[in-house]
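Heads up, the thing below is written out as structure tokens.
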Amino acid sequence: MLTHPQFDPIAFSIGPVAVEWYKLMYLFAFLLAWWLAHVRLKRGYSTLCTPKEVDEAAFYVLLAVILGGRMGYVLFYNPLYYLRHPLEIFMVWEGGMSFHGGFLAVIFTMLFLARKYRKNWWQATDFLAPLIPLGL
């Protein structure tokens, strides 16, 4: 039988606010992907967008991951519970994120941004694709 190490899921706490390891990993993955996007621009891997557009896209994609992940969890895993307790949808500190919801939200966000900046959606997602494994 495999035994898994027991570790504290809380990385650190400041007063009543506890920061879990998974939250730090979200932040680390986002910052690493943002940095890699800028490196790829500087090295000429894409002339599709400007650094300002990358920054704006990073902001919207971050929102899409968080909001889409939460809404995906609510809709895919326990919709009846959240229909009875709608205020608990906003209690993100209780946990509950869905990869599927975040993924769908990022696709729709990329469609929105490609349309806003009049870019080819396939080229925009080609630029984004190498950044995704950093978050996974």
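The values are calculated or read from the model by the stated rules, or taken from the named source; none is laboratory data. All values derive from a computational prediction rather than experimental measurement. Glycine also receives a Cβ, built like all others from the backbone with ideal geometry; neighbour counts cover every protein chain displayed. The area values use the complete protein model at the heavy-atom level, side chains included, leaving out ligands, DNA and RNA. Shrake-Rupley method; radii C 1.70, N 1.55, O 1.52, S 1.80 Å.
When the accessible area of the chain is split by element with a 1.4 Å probe, what percent falls to carbon and sulfur?
Working: 7130 of 10140 Å².
That share works out to 70 percent.
Rounded to the nearest 10 degrees, the inclination of helix 21-42 to the longest alpha-carbon principal axis of the chain is 0 degrees.
Within region 1-73, which chymotrypsin sites (Phe, Trp or Tyr not before Pro) sit in a loop by DSSP and count at most 14 neighbouring Cβ atoms inside 10 Å? Please report the intermediate quantities before stating the final value.
Working: sites: 7, 12, 21, 22, 26, 28, 30, 34, 35, 45, 59, 60, 73; in loops: 7, 45.
Passing both the DSSP loop test and the Cβ count: 7, 45.
Would you kindly state how much longer the chain becomes between residue 78 and residue 52 on full extension, computed as 0.36 nm times their sequence separation minus their alpha carbon distance, in nm to one decimal?
5.5 nm
Whole-Hz Karplus values for region 60-76 come out as 5, 5, 4, 4, 5, 4, 6, 5, x, x, 5, 5, x, 4, 4, 7, 8 Hz, taken residue by residue from phi with 6.51 cos²θ - 1.76 cosθ + 1.60 and θ = phi - 60°; glycine and proline positions read x.
Against the main long axis of the alpha-carbon atoms of the chain, helix 99-116 sits at an angle near 30°. Answer with a single label: of [x] 1.16; [y] 1.04; [z] 0.98, which was calculated as Rg/Rh (Cα atoms, Kirkwood Rh) from the structure in view? Looking at Rg/Rh (Cα atoms, Kirkwood Rh) for this model, the match is [y].
Under 20 Å of direct C-alpha separation, and excluding same-chain neighbours fewer than eight residues apart, residue 52 reaches these aspartates and glutamates: 126.
Whole number in Å², please: accessible area per residue of the chain, 1.4 Å probe, ligands, DNA and RNA not counted.
Values: 10140 Å² over 136 residues.
Result: 75 Å² per residue.
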